[in-house]
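Engineer: Okay, handing you the structure first.
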Amino acid sequence: MRLVIATCSVDYAGRLSAHLPLAKRLLMRKSDGSILVHSDGGSYKPLNWMSPPCTVTELEPDEVQAEAGITAVWKVTQKKTDDVLIVSLYDIEHDSAHELGIDPGLVKDGVEAHLQKLLAEQIGLLGDGHTLVRREYMTAIGPVDILARDSGGAAVAVEIKRRGDIDGVEQLTRYLELMNRDPHLAPVQGVFAAQEIKPQARTLAQDRGIRCVVLDYDAMRGLDDADSRLF
């Protein structure tokens, strides 16, 4: 991974256009080809990014750019969509490369991991006609618990929690924002699945068009016999 702290401006061109004016930022270039642009705020959400597969070309500034104080230009091109991210670097304060090795991935607590496995096996709980694409679908900012398709073939991203709160909805929102940039997936629907969903989280999810599904852990494990219930 390469880490660069620099005064820079960033321009994104493709299915949408965006501009980040001149400011000091952290640039992360990962070994998978992705690049993320961070500020000192906003928690872990990047200001802009380009997800793999993409290529990064480092260019010398032209005469006009050099006169403006630009010392280097990164041109990042998305191979599937031809979207382009241009990073114009002015003053570079830090530039380092680090070998992180193979990451073992996120280890979830036992219940969440088991819920993911059970829901993948019982994907019909999301609705008739749903099919599993894969578990742990990787994005540039982390893995989505489950990627599925509904009866009409549309992509469905599922985030699973033991207790669903606002942070979980925000996490799924970030995944959806990123996945809906991919023309091979878009439009992607969101499902927030948990054993218990807090009212504030449900309200936020509904406001963002995310469907909520309550999971009965005992029933999914075959420990709850609905026919023997008194009520």
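The values are calculated or read from the model by the stated rules, or taken from the named source; none is laboratory data. Note that the coordinates shown come from a computational prediction; the quantities given were computed from them, not determined experimentally. Heads up, the Cβs are rebuilt from the backbone with ideal geometry, glycines too, and the neighbour counts pull from every protein chain shown. When the accessible area is computed, the model is the full protein with side chains, heavy atoms only, and any ligands, DNA or RNA have been set aside. Shrake-Rupley method; radii C 1.70, N 1.55, O 1.52, S 1.80 Å.
Engineer: For 20, 125, 147, give the ranking by accessible area with the largest first, probe 1.4 Å.
Structural biologist: The ordering from most to least exposed comes out as 125, 20, 147.
Engineer: Go through 145, 95 and list them by solvent-accessible area, largest first, probe radius 1.4 Å.
Structural biologist: Accessible-area ranking of 145, 95, largest first: 95, 145.
Engineer: Another one. For residue 173, tell me the accessible area in Å² from a 1.4 Å probe, rounded to the nearest 10.
Structural biologist: Ignoring ligands and nucleic acids, residue 173 comes out at about 40 Å².
Engineer: Ignoring everything except DSSP H segments at least 4 long, calculate the 222 nm mean residue ellipticity for the chain; use -39,500 (n - 2.57) per segment, divide by total residues, nearest 500.
Structural biologist: Helix-only estimate at 222 nm: -5500 deg cm²/dmol.
Engineer: Taking the Cα centre of the chain as origin, sum charge times position over the Cβ atoms of Lys and Arg (+1) and Asp and Glu (-1), and report the length of that vector in debye to the nearest 20.
Structural biologist: Value, rounded to 20: 420 debye.
Engineer: Let me ask something else about it. Just the number please: accessible area per residue for the chain, 1.4 Å probe, all protein chains included, in Å².
Structural biologist: Accessible surface, normalised per residue, equals 55 Å².
Engineer: How tilted is helix 110-121 with respect to the longest principal axis of the chain? Cα atoms for both, answer in degrees (0 to 90, nearest 10).
Structural biologist: Tilt of helix 110-121: around 80 degrees.
Engineer: Can I ask one more? Just read off the accessible area of residue 161 with the full protein assembly in place, 1.4 Å probe, to the nearest 10 Å².
Structural biologist: The value for residue 161 is about 40 Å².
Engineer: Which listed residue (69, 156, 124) has the Cα farthest towards the positive end of the charge dipole for the chain, taking +1 on Lys and Arg C-beta and -1 on Asp and Glu C-beta about the Cα centre?
Structural biologist: Highest projection toward the positive end goes to 124.
Engineer: Right, something else. Give the cross-link partners of residue 75 among the lysines, using a straight C-alpha distance below 23 Å as the criterion and excluding same-chain residues fewer than 8 apart.
Structural biologist: Answer for residue 75, where 23 Å is the Cα cut-off: 24, 30, 45, listed by chain and number.
Engineer: Tell me, what % of the accessible area of the chain is carbon and sulfur with a 1.4 angstrom probe?
Structural biologist: Percent of accessible area from carbon and sulfur atoms in the chain: 52.
Engineer: How far apart, in nm, are two points set 7 Å out from the Cα along the Cα-to-Cβ line at residue 44 and at residue 17?
Structural biologist: Result for the modelled spin labels: 3.4 nm.
Engineer: Hey, another quick one. Which value, in Å² rounded to 10, gives the accessible area of residue 92 with a 1.4 Å probe and all protein chains present?
Structural biologist: 80
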